[in-house]
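Right, one structure below, let's go through it.
The values are calculated or read from the model by the stated rules, or taken from the named source; none is laboratory data. Computed from a predicted model, the values in this text were never measured in an experiment. Glycine gets a Cβ as well: all are built from the backbone with ideal geometry, and neighbour counts include every protein chain shown. Please note that ligands, DNA and RNA were not included when accessible areas were found on the heavy atoms of the full protein model with its side chains. Shrake-Rupley method; radii C 1.70, N 1.55, O 1.52, S 1.80 Å.
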Amino acid sequence: MKTLDLISELRTITLQNIDFAQKLHDLPEEELNWRNDAKSWSILECLEHLNIYGSFYLPEIESTIRNSVSSSESEFNPGFLGDYFAKSMQPKAKLNKMKTFKKTDPIGSKLNRNVIDTFIVQQHKLLELLEASEKVDLNKLKTGISISKWIRIKLGDTFRFVIYHNQRHVLQAQRVLTAQLQIIEKSEA
């Protein structure tokens, strides 16, 4: 795939995520913390989960780019493992449920709208990093991953994983909001 096409796709997804998060500011915290059931996440828990991942990946990506001496490459070729991770995060019509690691599971946390602000700041940082990535080789540069310091994947795959993961959980948050609105509509009918 063309590197600039990939960066453009990832930028578009990130801008959509920012747009959704900005709209959440209008909702009361009670609605932002509402859960469909005891085991599901609220809107804020979905975003906090992403903030936890962002606090690992954003510095990892930034350090990799900053310490780079490579130049850009017009084509990006996903790596085997990185492609697997990225594709497993891509939203699909019927999402496969995944168990999250305990350290990244925010369920039951006392959260407020600061979670939204942190998410938006992280998404803007991601946009900056995507822009900076246009000048480096997404094939040659590698980053660590959150589950093992021994595994490293191509920078392009790291961007794909992080942004598809963000998209996946923003869609989850949208479904929570939709379910909540449907319940409100039924109770008012």
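Quick notes
- Residue match in the range 40-51 (condition: farther than 19 Å from Ile107 by Cβ, open to solvent by less than 80 Å² (accessible area, probe 1.4 Å) and within 16 Å of the chain's Cα centre (by Cα)): no
- Selection over the range 136-189 of residues that are open to solvent by less than 50 Å² (accessible area, probe 1.4 Å), under 24 Å from Thr118 (Cα atoms) and not aliphatic (A, V, I, L, M) gives a count of 17.
- First in the range 148-162 and over 8 Å from Gly82 (Cβ atoms), second anywhere and basic (Lys, Arg) and not in a strand (DSSP E or B), Cβ under 9 Å, 6 or more apart: Leu155/Lys140
- Matching residues, the range 23-76, being within 19 Å of Glu131 (Cβ to Cβ) and small (Gly, Ala, Ser): Gly54, Ser63, Ser68, Ser70, Ser71, Ser72, Ser74
- Residue in the range 69-86 that is of a type in the set (Val, Ile, Thr) and within 20 Å of the chain's Cα centre (by Cα) present: no
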